[in-house]
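Asker: The following block contains the structure, expressed as structure tokens.
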Amino acid sequence: MIFIFVLVIYFLIYSPSKHKHCKSNYRPKIRIYRGGYLFDKGKAGEAFTFFELQRIDTYSKILTNLYIPTEEGTTEIDLLFIAPSGIYVIESKNYSGWIFGSENSRNWMTVIFDSKYKFFNPIWQNRKHVNYLSKILENTQPKSIIVFSDRCEFKKLDVGSNIVIHRRQLIETIEKDLATVIYTNEQIDEFYNIMMKYANQSTEVKQQHINQFNKKPSNNEVRM
């Protein structure tokens, strides 16, 4: 119940309608009061991250849940933030507990009291997203950001030069780049229009992605 209460309050405070600089296809999809995000912590984490992105004071576009084609089927990008300073590929991890991991380890771990859960290295996961996105948006250099819930604690992480942060650090992380302008508003619009075809996919495409993912148990979150 506490989680649901916090989610509703967050939505009321950071309503998408309050942020004029950001245009996206995501706003019509958010229906928290209908329960879609209240009972799915993964989707709720993406919604929280989306609201944070909307607070960044720059011209930008946001796309969510993009199904990018690969040789094996598809790979899903949680959030894509397109701004004058760059293209940011964001992987959302709405986890609690202690987080352990290394950029060179296949699996990371979250520990909650006596329970341990393994999950696939999000740096590797998002690196794949970036690689396949680069094949679509040629001559660009998308930036990877891994965003964890503010409820977790980074107990032991070795991430090298990769950006792995708490959600509360997201705005500051991107705003540091804003002084550097790489793309015009017109280019941002162009990238957005190109990527729109990979959003709002059919139930069939989403199910095929899930089936493809389930064939790889080593990539699934596993309770230890």
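We did not get these values from a lab; they are worked out from the coordinates using the rules stated. Quantities reported herein were computed from a predicted structural model and do not represent experimental measurements. We place every Cβ from the backbone using ideal geometry, glycine too, and count neighbours over all the protein chains shown.
Asker: Provide the net charge surrounding residue 183, with neighbours chosen by a C-beta distance below 11 Å and charges set as Lys +1, Arg +1, Asp -1, Glu -1. Provide the component values of the computation, followed by the final result.
Answerer: Details: positive: 61; negative: 186, 189, 190.
Every neighbour counted, the sum reads -2.
Asker: Another question about this same structure. Run the simple label-point estimate for residue 116 and residue 177 please: 7 Å along Cα→C-beta, distance reported in nm.
Answerer: Spacing of the two 7 Å Cα→Cβ label points: 3.5 nm.
Asker: A follow-up question, please. Could you give me the ³J(HN,Hα) list for the stretch 113-125, computed from phi with Karplus coefficients 6.51, -1.76, 1.60 and θ = phi - 60°, whole Hz, x at Gly and Pro?
Answerer: 6, 9, 9, 10, 10, 8, 9, 5, 3, x, 5, 5, 4
Asker: Moving to a separate point now. Starting from the Cα-Cα distance between residue 134 and residue 187, subtract it from 0.36 nm times their residue separation and give me the gain in nm to one decimal. Working shown, then result.
Answerer: On the way: separation 53, 0.36 × 53 = 19.08 nm, distance 1.52 nm.
Net length gain for the segment: 17.6 nm.
Asker: Name the chymotrypsin sites (Phe, Trp or Tyr not before Pro) in the stretch 73-170 that are in a loop by DSSP and that have at most 15 other C-beta atoms within 10 Å, would you?
Answerer: Details: sites: 81, 88, 95, 98, 100, 108, 113, 117, 119, 120, 124, 132, 148, 154; in loops: 95, 113.
The qualifying sites are 113.
Asker: Taking H as built 1.01 Å from N, whose amide H comes closer than 5 Å to the amide H of residue 153, not counting residues under 5 places away?
Answerer: Residues meeting the amide H criterion: 97, 98, 99.
Asker: If you filter the stretch 123-199 for GluC sites (Glu not before Pro), then keep DSSP loop positions with at most 15 other Cβ within 10 Å, what is left?
Answerer: Numbers: sites: 138, 153, 172, 175, 186, 190; in loops: 138.
Counting only loop positions with at most 15 other Cβ atoms within 10 Å, the GluC sites (Glu not before Pro) in the stretch 123-199 are 138.
Asker: Quick one: of the DSSP bridges fully inside the stretch 52-169, what percent are antiparallel, nearest 5? Before the final figure, lay out the partial values.
Answerer: On the way: 22 of 38 bridges.
Around 60 percent of the beta bridges assigned by DSSP in the stretch 52-169 are antiparallel ones.
Asker: Using the Karplus curve 6.51 cos²θ - 1.76 cosθ + 1.60 with θ = phi - 60°, work out ³J(HN,Hα) for each residue of the stretch 51-66 in order, rounded to whole Hz, and write x for Gly and Pro.
Answerer: The phi angles translate into 4, 5, 4, 5, 7, 6, 8, 7, 5, 7, 10, 10, 10, 10, 6, 8 Hz.
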